[in-house]
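J.: Before we start, here is the structure in question, set down as structure tokens.
The values are calculated or read from the model by the stated rules, or taken from the named source; none is laboratory data. All figures in this text were calculated on a predicted structure; none of them were measured in a lab. As a convention, Cβ positions derive from the backbone with ideal geometry for all residues, glycine included, and neighbour counts pool all protein chains shown.
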Amino acid sequence: MEMRNLGKGGPLVSRLCFGTLTLSPLQRNLSPLDGARLLIHARERGVNFLDTAEFYDNYAPIRIAAKEIPDLVICTKSYCYDEETAQKAFEKALKEMGREYIDLFLLHEQESIHTLRGHEGALRYLARQKEKGYIGKTGVSTHFVSCVKSARLFPYIDVIMPLINMSGIGIPDGTADDMALAAQEAHDAGIGIYGMKALGGGSLISKRDAALDYVLRQPFLDSIAVGMQSREEIDINCDIFEGRKPEAKDEKKVADIPRRLIIDNWCEGCGACVKRCRQHALSLVNGKSTVDREKCALCGYCASVCPVFAIKII
Ligand code: SF4
Ligand code: SF4
């Protein structure tokens, strides 16, 4: 597995980052022990970097895995917005993951220079923990090109996790090329960059090889977070990241896993997915999108138009 420095001065991370939302109660809802087993298996395959968030509610498997894997590099994120909420989020992460140090702590889903200015108190708190040696690096995750451009202006931002994929799915204010240019400029300035949603939140699964090839070819992506929920998915992604064809037995096993569409509770009821579904499998019930499983063909088209990534096929 290729290792790269995540921005100037590291840390040294595997090009494949384990996106752990898949393990969480929001998605596959694995037991802490089963989740930890997958993290340990990924480490055995060379993946030393994982991405989590306070919102994912999955610190328990990470705590178990981290006992076995002392060199795990952990990035967590929080919707904290001022000093007080940042302190709570930071202390919760330390306690629930059983750590005295967090490698990377990001503000989750920042949108623009205005959001960053409004949340500067939280960034300042995290930067102080960094000065004291309790956090390695601080930064932001974002879906917005404008946020990637603005983040460079803030001294506390060492790492950015931007949304990037070959189709630009989910970037509200630009194209994939716009995001790549902004991220490249941030990287040139010494900021660590690791990408999210390379598979468009599941909607590019049918084009997996092309979608992963696109992100692997981006020189500014020090690492790329990919959600994984089984040993076979880990093995397939490790093979692809190492430039090998995945084994047919792993592909078959993943293909045989029954898939289902889930709509997360943060659905905002905009109705875009309902209009997109040609099978008429979606409708709005009490302001939330709801699926009729009898009609759903699991094509994933609806997921590609959801502005908040509330739809996934897992
Ligand atoms: S996956 Fe396809 S068929 Fe199923 S709800 Fe979405 S658009 Fe409709
Ligand atoms: S597109 Fe997303 S936010 Fe809009 S109704 Fe569908 S699931 Fe909800």
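J.: Answer yes or no: is there a residue in the range 265-275 that is under 20 Å from residue 21 (Cα atoms) and within 16 Å of ligand 1 (Cβ to nearest atom).
T.: Yes, because at least one residue in the range 265-275 is under 20 Å from residue 21 (Cα atoms) and within 16 Å of ligand 1 (Cβ to nearest atom).
J.: Run residue 241 past the list (1) more than 16 Å from ligand 1 (Cβ to nearest atom); (2) more than 30 Å from residue 177 (Cα to Cα) and report the number of the one that doesn't hold.
T.: (2)
J.: Could you say whether any residue in the range 283-296 is in contact with a His (Cβ under 7 Å, 6 or more places away or on another chain) and farther than 30 Å from residue 160 by Cβ?
T.: yes
J.: Hey, among 184, 279, 218, 229, which residue is touching a helix residue (DSSP H, G or I) at 6+ places or on another chain (Cβ under 8 Å) and farther than 22 Å from residue 52 by Cα?
T.: Unique residue meeting the criteria: 218.
J.: Inside the range 54-72, can you point out the residues that are under 24 Å from residue 85 (Cα atoms) and buried (at least 19 other Cβ atoms within 10 Å of the Cβ)?
T.: 54, 56, 58, 59, 61, 62
J.: Could you look through the range 81-105, keep only residues that are touching a residue at least 40 places away in the same chain (Cβ under 8 Å) and within 24 Å of residue 67 (Cβ to Cβ), and pick out the one that is surrounded by the fewest Cβ atoms within 10 Å (Cβ to Cβ)?
T.: Among them, the one singled out is 94.
J.: Of all residues in the range 214-245, which are within 18 Å of residue 204 (Cα to Cα) and either among the hydroxyl-bearing types (Ser, Thr, Tyr) or over 22 Å from the mean Cα position of the chain (by Cα) (or both)?
T.: 214
Every residue, every condition in (1) at pLDDT below 95; (2) out of contact with any strand residue (DSSP E or B) (no Cβ under 7 Å at 6 or more places or on another chain), yes or no:
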| residue | (1), (2) |
| --- | --- |
| 148 | no, no |
| 154 | yes, yes |
| 161 | no, no |
| 165 | yes, yes |
| 168 | yes, yes |
| 171 | yes, no |
| 177 | no, yes |
| 181 | no, yes |
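J.: Could I ask something else about it? Please go through the range 22-56 and give me each residue that is of a type in the set (S, T, N, Q) and in a loop (DSSP other than H, G, I, E, B), ordered by number.
T.: Within the range 22-56, 24, 27, 29, 31, 48, 52 qualify.
J.: Okay, moving on. So which residues in the range 280-306 are farther than 20 Å from residue 207 by Cα, surrounded by fewer than 19 Cβ atoms within 10 Å (Cβ to Cβ), near ligand 2 (Cβ under 9 Å from one of its atoms) and not basic (Lys, Arg), if there are any at all?
T.: 284, 287
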